[in-house]
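The values are calculated or read from the model by the stated rules, or taken from the named source; none is laboratory data. Everything numeric in this text was worked out from a predicted model, so none of it was measured. We place every Cβ from the backbone using ideal geometry, glycine too, and count neighbours over all the protein chains shown. Side chains included, ligands, DNA and RNA excluded: accessible areas come from the protein's heavy atoms. Shrake-Rupley method; radii C 1.70, N 1.55, O 1.52, S 1.80 Å.
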Amino acid sequence: MLFSAKQKGFFLELSDYGCLFARTSATAGPVIVEMLAECPLGDATAFSEVMTRLQPKRTPSGYVHAVCGAYPAKRLVRRPTIDPKKVKDPAYFNEVLRQQFRIEPDKYTIAILNSGDGSDYDLSKATQKEVMFCGLAGQEIVALQDHLLDSSVYPERLELGTVATLGALVDYLEFKKSRMPTLVLEIGADATHTYIISPGGVEAARPIPQGLDSMLPVVQKELNLKDEESAKKLFYSNTFDFTGMGPQLIKKLLKELQSSIGFYEVQTGQSVGQVICTLLPSKLTWLEGTLATALGVPVLTLDLPAWLASRQITLSDQVAAAGTHPRWLGIFALIASSHSTPHAVAAEKKD
């Protein structure tokens, strides 16, 4: 264990849209989420103020020891089908990375996981064909660590937020006894990372080179703005209702999504039945509804308090209202994966 159960737990999530923070009553067993907070990305003063509220009494080193999740632009979360007969060849996985994903393996730190449950892929058994490659360029890891340390955060653990979130959503579907394949979208500025999940794990993963920035020329044209910078300021503000313009804004992204969904449905014979956009701040949640309508499927509505309770996590009265918003899913996923849960205890007893 990284902490004793009596210590508070501290959690931080960094994404394109800002910084989310959480403090829990303990780091193991049943926990209470005592505090949730957020601040804009790059606002050092606001970040420092939240940190002071998070842990008023710092350790002698001055650092807050936290579990951290991040969504770097060049993160690798892909799901190839491999040949178990070749995995004993030391060069095989590097060939897959180079040929299928155009990744230089020596520049990345990569974990190979089973796509069903997220456990480490066992090279000695090598029976599973469906795996996940999860990784990050070494330079990005160093930059992230340096940024956190400069911000007085000591990362006890640094995770790809995507992996934790996908694990939480798979668990949520199992908790709700839903068999419905679900489209998960992480829409960033430059790209959209797409995943199809079910209670059986991650079924598909694909990045699409269409993000929010690709919508700005449409905003500029439709509203007769002088340049894309003006369009960007308006788009990211909360002063204009873009819902009516939504179908035009998502046109390019929608085409790519329909292609991905079509390929999955032909391959598996199953239909994607719902969609969820993680990470989106509240002022951009209209985008989720617009995409769902265009795809002809409903939005996955999360009952976070019920799911958290199944994981022995309780929201305090102070955060109960805010904690129902889906943008907190990623940080709740970090909390859920950081301490023993009913599922984990059951698995340990079986062993």
- Item | Rounded FRET efficiency, nearest 0.05, which uses the C-beta distance separating residue 120 from residue 317 and R0 of 51 Å | 0.85
- Message: For residue 9, what residues show an amide H to amide H distance below 5 Å, using hydrogens built from the backbone and excluding near sequence neighbours?
- Response: 24, 25, 26
- Message: Among [x] 29, 28, 21; [y] 41, 25, 17; [z] 38, 29, 17, only one was calculated for this model; which label is it, if the read-out is semi-axes √(5λ) of the Cα gyration tensor in Å?
- Response: [x]
- Note on the structure: By the Cα gyration tensor axes a ≥ b ≥ c (a/c under 1.5 gives rounded; else a/b larger than b/c gives prolate, otherwise oblate), the shape of the range 98-183 is oblate
- Query: In straight Cα distance, which lysines are under 21 Å from residue 125, not counting same-chain residues fewer than 8 positions off?
  - Reply: 85, 86, 88, 350
- Query: Out of the range 226-278, which trypsin sites (Lys or Arg not before Pro) are coil in DSSP terms and have no more than 15 other C-beta atoms within 10 Å?
  - Reply: 226
- Item | Lys/Arg +1, Asp/Glu -1 at C-beta; the chain dipole; positive extreme among 191, 137, 7 | 7
- Note on the structure: Over the chain, with neighbouring protein chains present, the accessible area per residue in Å² at probe 1.4 Å is 49 Å²
- Task: Find, among the chymotrypsin sites (Phe, Trp or Tyr not before Pro) in the range 150-259, those assigned to loop by DSSP (not H, G, I, E, B) with at most 13 other beta-carbon atoms within 10 angstrom.
- Result: 240
- Using amide H atoms built 1.01 Å from N in the peptide plane, name the residues 5+ places from residue 159, or on other chains, whose amide H lies under 5 Å from its own. 68, 69, 70
- Whole-percent carbon and sulfur contribution to the accessible surface of the chain (1.4 Å, no ligands, DNA or RNA) stands at 52 percent
- Kyte-Doolittle mean at least -1.0, axial Cα span of 20 Å or more - DSSP H helices of the chain: 161-175, 251-268
- Item | Within-14-Å neighbourhood charge of residue 151 [Cβ basis; K, R +1; D, E -1] | -4
